[in-house]
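Here it is, the structure in full.
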Amino acid sequence: MDEPGSGGRSCDKAVGADEGGCAPIPERVQVGGSPVYKTGRKLGKGGFGQVYVGRRVGGTSFTERTGPGAIEVALKFEHRSSKGCNYGPPYEWQVYNALGGSHGVPRVHYKGRQSDYYVMVMDMLGPSLWDVWNDNSHTMSIEMVACIAVEAISILERMHSRGYVHGDVKPENFLLGPHGTPDEKKLFLVDLGLATRWKDNSTGLHVEYDQRPDVFRGTVRYASVHAHLGRTGSRRDDLESLAYTLVFLLRGRLPWQGYQGDNKGFLVCKKKMATSPETLCCFCPQPFRQFVEFVVNLKFDEEPEYARYISLFDGIIGPNPDIRPINTEGAQKLIYQVGQKRGRLMIEEEEDEQPKKKIRMGMPATQWISVYNARRPMKQRYHYNVADIRLAQHIDKGNEDGLYISGVASCSNLWALIMDAGTGFSAQVHELSPHFLHKEWIMEQWEKNYYISAVAGANNGSSLVVMSKGTQYLQQSYKVSDTFPFKWINKKWREGFYVTSMATAGTRWAVVMSRGAGFSEQVVELDFLYPSEGIHRRWDNGYRITSTAATFDQAALVLSIPRRKPTDETQETLRTSAFPSTHVKEKWAKNLYIASICYGRTVS
C-alpha cells in the first residue's frame, strides 16, 4: 500500500510521535470504569494512534461479540506527546462524543488515560474495504461497489447532518462488521482524527471559506482538489474523496498513482484537475460517472443531494436487500425519509432542470487574465507583443506624455506594457535582465529610494523589473521560488508586509512584498485552473484583486482589503486567448482601467 495519509488503518508512521521513541504500549488496560483488557495483536495505525486487539480478562463466561461487555474489543492508543494530544485528551474524542453511535460510526464504550497513553475502547470491527479488495486479487464486483456507494453516501449524510465532515475518506477507513456476526455486511467509517466542523456550533451557519495553500489534510491519492489547494473543508470534499474511492475499488487504479518526490501532491492535484469524469470513469457504468460529475462540481457551501446520488445506482443494485453484498439499510432509510418529505423522489423532473454552472468547468487553457478597476477618467495606454529592442522606445514616449508604467506582463517572450497617468509616481527606472530577478540592480535602486512597482518574467528566464519613486512603500522584500512560496508569504504577513507584485518565468515564481502597502487584510487564491468561486467569495467579503501571476500550470491571484475604501469598488476580470485590446477600449468607456494583467493557466 502506498500514499499513507493522516488517518486510517494504513501502514504509515504516526504523525507527531515516533513509535520507536515512545513508551511501550501497556500490556493490560483499564480506563474509565472499563473491565481489564489484555493487549493483543496490532490491527493497524492511523495518523496519530495505534489500534490493538483487547481481550477481556476474567470474562470467560461472557460470549458477547459487541457492546461494553464484549469479550474482544479494539483498543486505540494515542501517546500524550502526539500532535493530536497537545492540549490534553485527543481531539478525536470530542468527535466521537458528538458522532459515536451515529449510523455507520463505531461506538466508543470507555476512554481514559493510562500511563503515557490516551486509550479508547471501541467495538471490534472486521476487514477494511482495502483488505477486501486486496484479498480478492485487487477486484470487486460492480454490485458490491454500487452497494458501498449508496451506503457510504448515507453514512456521510448522517455525519454531515451532525455538522461534521470526515476529512479522510478512503478504502482503509471503511470497515465491515466482525465476521460471523449480524453486522458482517454492515459498513462503518472510522478514524475521525481529521474530522472538522462544516457548520459553526454557535451560529448554525456554514463555516467561512478560506484558502491556505500550505495546509494539506487527508490522503494524497483520494483527497479532493480543494483539500490539495488548502481550502476549508466542506461536505463536497468527503463526497469527492468517496468518488475516487469507488473508482479505485472498481478499476483497481487511479490515473494519478505512481508520482513520487517532494512535489508529488502538486503533480497529483494537477492530474486530478486535468482528468475529466468521462476519462476517470471510462470503464465504469454510467452511474459512477454521473456521481463524479455531480460531486466535483459542488460549491463550497452547497447542500449535496444525497438521496439523488443514491438513486443513481438503482439500476445496478439487486432488488432484494437481503442478498446484497453490503447492508444498505441506511441508504434505504434515507431514500424513504426524503420520499416522505417530498411526497416522492422526483428524479425525472429534476433531470429536466436547467444545468447548474460547473465549478470545475472547461478544459485547461493558457490565456490572458486581465483585471479592471473603476477609476476617475484618466489616460491609460497599452502595448503588447513588444520585443526587447522596442521596450525603451515605448517607455520613453509614454514618459514624455506624462505616463508611468503601472503593469507589465509577458507572453511568448514578448512584453506587454500598461502605462497610465494615475500612478502617483514621481520617477521611474526599469531593467530588462537575463536574470529572474537581478538582485544587484534591485538593491542599487533600493539604495536610491526606488521600490519595485511592477515585475514580469518571460519563458526564457529573463525579467523586466520596474522600480518607482513616489510609492507609499516603506520597505520591500522579494523571493524567487520553484513553487508558489505561500509559507514565505505567510511569514512576511506576520511581519507587516503585503504582496504588491508577482511574476513568473517558465515554472518559477517571483513575489514582491512591501511594508506600507495600504492594505489591512490579504489572501491568496491559487488554482490549477482558475479560482472563479474563490474570487467571487472574496469579492463578497470586501476583497479586491491586487496582484496576478500565472505559470502554464497554475494561476495565483492576491486579493486585498484596502485601508482606504475606494469611492467605487467595481472590479471586473477577463480571460481572453489574445491580448484584450478591443475589450480594454470597451472598459475605458465605462471608466474601468487595467489594474493587473498576466498570461498563463486558466480554463477555456
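Can you work out which of the residues in region 494-511 that are in contact (Cβ under 8 Å) with a residue 24 or more places away in the chain and not in a strand (DSSP E or B) is most open to solvent (accessible area, probe 1.4 Å)? Give the steps one after another, and end with the answer.
Taking region 494-511 first, the residues in contact (Cβ under 8 Å) with a residue 24 or more places away in the chain are 498-511.
If we keep only those that are not in a strand (DSSP E or B) as well, we get 506-507.
Values: GLY506: 22, THR507: 92 Å².
Checking each candidate, the answer is THR507.
A follow-up question, please. Report, by residue number, each residue of region 568-594 that is open to solvent by 40 Å² or more (accessible area, probe 1.4 Å) and among the aromatic types (Phe, Trp, Tyr).
TRP588
In region 370-383, which residues are buried (at least 18 other Cβ atoms within 10 Å of the Cβ) and either under 17 Å from SER462 (Cα atoms) or among the small types (Gly, Ala, Ser) (or both)?
The answer is SER370, and nothing else.
Kindly indicate the residue of region 182-220 that is of a type in the set (Gly, Ala, Ser) and without any contact (Cβ under 8 Å) to a residue 40 or more places away in the chain and also farthest from GLU143 (Cα to Cα) among those meeting that condition.
Initially, region 182-220 is screened for residues of a type in the set (Gly, Ala, Ser), giving 193, 195, 202, 204, 218.
With the extra rule that they be without any contact (Cβ under 8 Å) to a residue 40 or more places away in the chain, the set shrinks to 202, 204.
Numbers: SER202: 42, GLY204: 38 Å.
Taking the candidates together, the pick is SER202.
Can you name the condition, by its number, that GLY407 falls short on among (1) touching a Gly at 6+ places or on another chain (Cβ under 6 Å); (2) surrounded by 20 or more Cβ atoms within 10 Å (Cβ to Cβ)?
(1)
Another one. Taking into account only those residues within region 595-604 that are crowded, with 17+ Cβ neighbours inside 10 Å and small (Gly, Ala, Ser), which is farthest from ASN541 (Cα to Cα)? Walk me through it before giving the result.
Looking only at region 595-604, we keep the residues that are crowded, with 17+ Cβ neighbours inside 10 Å, and these are 595-603.
Still in the list and also small (Gly, Ala, Ser): 595-596, 600.
Numbers: ALA595: 20, SER596: 20, GLY600: 26 Å.
The extreme case among them is GLY600.
The rows are residues; the columns are (1) β-branched (Val, Ile, Thr); (2) in a strand (DSSP E or B); (3) open to solvent by 10 Å² or more (accessible area, probe 1.4 Å).
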{"position": "VAL429", "(1), (2), (3)": "yes, yes, yes"}
{"position": "GLU444", "(1), (2), (3)": "no, no, yes"}
{"position": "ILE452", "(1), (2), (3)": "yes, yes, no"}
{"position": "VAL465", "(1), (2), (3)": "yes, yes, no"}
{"position": "SER468", "(1), (2), (3)": "no, yes, no"}
{"position": "LYS487", "(1), (2), (3)": "no, no, yes"}
{"position": "LYS492", "(1), (2), (3)": "no, no, yes"}
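Considering only residues of region 512-539 that are farther than 30 Å from VAL296 by Cβ and among the aliphatic types (A, V, I, L, M), which is surrounded by the fewest Cβ atoms within 10 Å (Cβ to Cβ)?
Checked region 512-539; the qualifying residue surrounded by the fewest Cβ atoms within 10 Å (Cβ to Cβ) is ALA517.
Another question, then. List pairs: first in region 314-334 and within 19 Å of LEU175 (Cα to Cα), second among the hydroxyl-bearing types (Ser, Thr, Tyr), Cβ under 8 Å, 6+ apart or cross-chain?
Once the first residue is within 19 Å of LEU175 (Cα to Cα) and sits in region 314-334, its partners that are among the hydroxyl-bearing types (Ser, Thr, Tyr) give PRO325/SER141; THR328/SER154; GLY330/SER154; ALA331/SER154.
Let me spell it out: the conditions are (1) assigned to a helix (DSSP H, G or I); (2) among the acidic types (Asp, Glu); (3) open to solvent by 40 Å² or more (accessible area, probe 1.4 Å), and ASP262 meets all of them except one. Which number is the exception?
(1)
Show the residue pairs that are 6+ apart or on different chains and have beta-carbon atoms under 6 Å apart, the first residue being within region 524-544 and of a type in the set (A, V, I, L, M, F, W, C), the second being part of a helix (DSSP H, G or I).
Note: pairs meeting the criteria are PHE528/LYS270; PHE528/MET273; LEU529/MET273.
Would it be correct to say that CYS269 is within 23 Å of ALA555 (Cα to Cα) and open to solvent by less than 10 Å² (accessible area, probe 1.4 Å)? Before you say what the answer is, go through the steps one by one.
Values: within 23 Å of ALA555 (Cα to Cα): yes; open to solvent by less than 10 Å² (accessible area, probe 1.4 Å): yes.
Considered against the rule, which asks whether it is within 23 Å of ALA555 (Cα to Cα) and open to solvent by less than 10 Å² (accessible area, probe 1.4 Å), CYS269 comes out as yes.
Would a scan of region 556-567 turn up a residue that is open to solvent by less than 10 Å² (accessible area, probe 1.4 Å) and in contact with a Lys or Arg (Cβ under 7 Å, 6 or more places away or on another chain)?
Checking region 556-567: at least one residue is open to solvent by less than 10 Å² (accessible area, probe 1.4 Å) and in contact with a Lys or Arg (Cβ under 7 Å, 6 or more places away or on another chain).
Then there is this: Test each condition in (1) outside any strand (DSSP E or B); (2) more than 35 Å from the chain's Cα centre (by Cα); (3) closer than 27 Å to GLY506 by Cβ for ASP396 and report the one that comes out false.
Status for ASP396: all satisfied but (3).
The values are calculated or read from the model by the stated rules, or taken from the named source; none is laboratory data. Since we're looking at a predicted model, the values are computed, not measured. When we count neighbours, we look across all protein chains shown, and the Cβ atoms used for this are built from the backbone with ideal geometry, even at glycine. Calculation scope for accessible area: heavy atoms of the full protein, side chains included, ligands and nucleic acids excluded. Shrake-Rupley method; radii C 1.70, N 1.55, O 1.52, S 1.80 Å.
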